[in-house]
Amino acid sequence: MTRRLFVAVDPPPSAREHLRRSVAPLRDAPGAPRWAAPERWHLTLLFLGAVPEDRVGPLTAAGGAVVAGASAMELRLAGAGRFGSVRRPQVFWAGLDGDVPALVELAARLAAVARELGLPVEDRPFRPHLTLGRWPPRRPADGTLPERLAGYAGPAWPVTEVRLVESHLGGKATRHEVLAAFPIG
């Protein structure tokens, strides 16, 4: 048996609400993406996919130790962009400002732990972002929409924990279950 896991930081409700209000005017724009629900917005540090059941315990222990050794950090959601081209956009995202280098370092250390446990980890560079929505293929898409949030700057917040989350796929909605919350520092 395997479990679909990822490691993430959740912005606090105040930061999500601030961003939600800023995104609201774009929600019904022609060519807008399929928006993710604000209560599910998170910053994925490491996507693991299918993790064998016997690796979940060691991953939890090692991940908790890595996060406990991380430096305190403060982040803010800032700016926006897209993955994909203007003509064929794929993902509309919000960017980050603040202690981003510390977050990138933490993500690299978590990836190293996963590799040591024999778990597959993507080789592409970690690009910290918060996914706001995805454009469905073969539908009209306005890849210029992220430019309207280019100057966005939300409130700063201290990152106090990192979560190990399981995705339960099914039906129209994916459900997320927090398996462990690791305090920073």
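The values are calculated or read from the model by the stated rules, or taken from the named source; none is laboratory data. Every value quoted in this text rests on a predicted model; they were computed, and no experiment measured them. Cβ atoms come from the backbone with ideal geometry, glycine included; neighbour counts cover every protein chain shown. Just so you know, the surface numbers come from the protein's heavy atoms only, side chains and all, with ligands and any DNA or RNA stripped out. Shrake-Rupley method; radii C 1.70, N 1.55, O 1.52, S 1.80 Å.
Which condition breaks for ARG148 when tested against (1) open to solvent by less than 80 Å² (accessible area, probe 1.4 Å); (2) in contact (Cβ under 8 Å) with a residue 60 or more places away in the chain; (3) not in a loop (DSSP other than H, G, I, E, B)? Here ARG148 clears every test but (1).
Looking only at residues of region 108-127 that are of a type in the set (Asp, Glu) and over 19 Å from VAL9 (Cβ atoms), we find that the one that is surrounded by the most Cβ atoms within 10 Å (Cβ to Cβ) is GLU116. Of everything in region 158-181 that is within 16 Å of the chain's Cα centre (by Cα) and open to solvent by less than 40 Å² (accessible area, probe 1.4 Å), the residue that is modelled with the lowest pLDDT is SER167.
Only one entry in ALA50, ALA36, ALA8 is closer than 14 Å to VAL165 by Cα, in contact (Cβ under 8 Å) with a residue 12 or more places away in the chain, open to solvent by 20 Å² or more (accessible area, probe 1.4 Å) and not acidic (Asp, Glu), namely ALA50. Checking each residue in region 82-92 for being open to solvent by 10 Å² or more (accessible area, probe 1.4 Å) and touching a helix residue (DSSP H, G or I) at 6+ places or on another chain (Cβ under 7 Å) picks out only ARG82.
Taking region 128-143 as the range and being in a loop (DSSP other than H, G, I, E, B) and either in contact with an Asp or Glu (Cβ under 9 Å, 6 or more places away or on another chain) or surrounded by 12 or more Cβ atoms within 10 Å (Cβ to Cβ) (or both) as the test, the residues that pass are PRO128, HIS129, TRP135, ALA141, ASP142, GLY143.
Return the total of residues in region 97-107 being open to solvent by 60 Å² or more (accessible area, probe 1.4 Å) and in a helix (DSSP H, G or I). So the count comes out to 2. Does region 84-95 contain at least one residue that is β-branched (Val, Ile, Thr) and more than 20 Å from GLY64 (Cα to Cα)? Yes: one or more hits. Just one residue in the set ALA15, ALA29 is in contact (Cβ under 8 Å) with a residue 40 or more places away in the chain and buried (at least 17 other Cβ atoms within 10 Å of the Cβ); that residue is ALA15. Among the residues of region 60-76, the ones that are at pLDDT 95 or above and within 19 Å of the chain's Cα centre (by Cα) come to 10 in all.
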